[in-house]
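**Student:** One structure, as structure tokens, below. Some questions next.
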Amino acid sequence: MAVKRKIIKINEEECNGCGLCVPACAEGAIQIIGGKARLVSETFCDGLGACLGECPTGAITVEEREAEEFDRAAVEEHITGLEWEKKAEPTLTGQGFHACPGSMSRMLQVEDSVSENRDDFDSAPVKSKLANWPVQLKLAPLSAPYFHGAKLLICADCVPFACEDFHREFLAGKTVLVGCPKLDDSVFYREKLGEIFRQNQISSIDVLIMEVPCCFGLASLVEAAVQDSGKDIPVTFTKIGIRGEVLEKRTSPVF
């Protein structure tokens, strides 16, 4: 419910995307998205302004306006999600924890212009349809703006290399996560996906795997993660050949 209260305001023109405000907010209400600091949810911001003194450009102020009430329970769930992200960030053996600046959550602009002329469409350069960052499942946050109402594409990381027209045929209009169940921790993947499904309103899931046997584990763990989440999310599984052709499409992970 909206009430009149104090809440932070971010001037995007003055923000330089340095990210110093992010760790200053104990509630995790600020993230760098599209190179700018953004308030990810009004319910996470207590309006006390602990982040103000960390902004070198003065882009953050506190204003009084109608806003959703501060929700401590939602903050605690959000912080749990941020802790999951820390588990997944890379470390260097013997040198302690090293966060990767490139793993900051971002929403990307996608050009959606398609010629009505089929000949022009076939000959036109393929433009990127990637709408979110990061894409690696290990680095993706549990809760991000691009997960809300998302048509989620979960694919084995070899799939884009095999599929000649991956962006136009599979990625357009989707939020994507990639991973390899053979090389990565499949137990971690299942648990993290379960939390992503539970915390967000995912509208559908498309799973793309390669025809090689080691890839089938990704399909199974996605189905298990949906069951773990307690959500009823429609899932489609597609098997891709090593030449990039679609071999089979079904609603069961058993091929």
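The values are calculated or read from the model by the stated rules, or taken from the named source; none is laboratory data. Note that this is a predicted model, so its numbers are computed, not measured. Ideal geometry is used to build each Cβ from the backbone, glycine not excepted, and the neighbour counts take in all protein chains shown.
**Student:** Out of the strands (runs of 3 or more DSSP E) lying entirely within segment 186-255, which hold 1 or more residues that are crowded, with 16+ Cβ neighbours inside 10 Å and modelled with pLDDT of 90 or more? Outline the logic, then answer.
**Tutor:** Working: elements: 204-210, 235-240, 246-250.
In segment 186-255, the matching strands (runs of 3 or more DSSP E) lie at 204-210, 235-240.
**Student:** Can you say whether residue 86 is at pLDDT below 90, outside the structural domain of residue 147 (by TED's automatic domain parsing), out of contact with any Lys or Arg (no Cβ under 7 Å at 6 or more places or on another chain) and loosely packed, with under 12 Cβ neighbours inside 10 Å, as far as the supplied structure shows? Full working, then the answer.
**Tutor:** Values: at pLDDT below 90: yes; outside the structural domain of residue 147 (by TED's automatic domain parsing): yes; out of contact with any Lys or Arg (no Cβ under 7 Å at 6 or more places or on another chain): yes; loosely packed, with under 12 Cβ neighbours inside 10 Å: yes.
Yes: the conditions hold for residue 86.
**Student:** Right, another one. Filter segment 145-165 down to residues that are over 19 Å from the mean Cα position of the chain (by Cα) and assigned to a helix (DSSP H, G or I) and give me whichever is farthest from residue 127 (Cα to Cα).
**Tutor:** Top of the filtered list is 162.
**Student:** Now for a different question. Identify all residues within segment 27-53 that are surrounded by fewer than 16 Cβ atoms within 10 Å (Cβ to Cβ), at pLDDT below 85 and on the phi < 0 side of the Ramachandran plot; write none if there are none.
**Tutor:** Within segment 27-53, 50, 52, 53 meet the criteria.
**Student:** Any residue in segment 32-44 that is assigned by TED's automatic domain parsing to the domain that holds residue 69 and part of a helix (DSSP H, G or I) sitting within a Cβ distance under 6 Å of a residue that is of a type in the set (Val, Ile, Thr) and buried (at least 19 other Cβ atoms within 10 Å of the Cβ)? List the pairs, counting only those 6 or more apart or interchain.
**Tutor:** These pairs meet every condition: 44/75.
**Student:** Could you tell me whether residue 56 is modelled with pLDDT of 85 or more, in contact with a Cys (Cβ under 8 Å, 6 or more places away or on another chain) and exposed (fewer than 14 other Cβ atoms within 10 Å of the Cβ)?
**Tutor:** Considered against the rule, which asks whether it is modelled with pLDDT of 85 or more, in contact with a Cys (Cβ under 8 Å, 6 or more places away or on another chain) and exposed (fewer than 14 other Cβ atoms within 10 Å of the Cβ), residue 56 comes out as yes.
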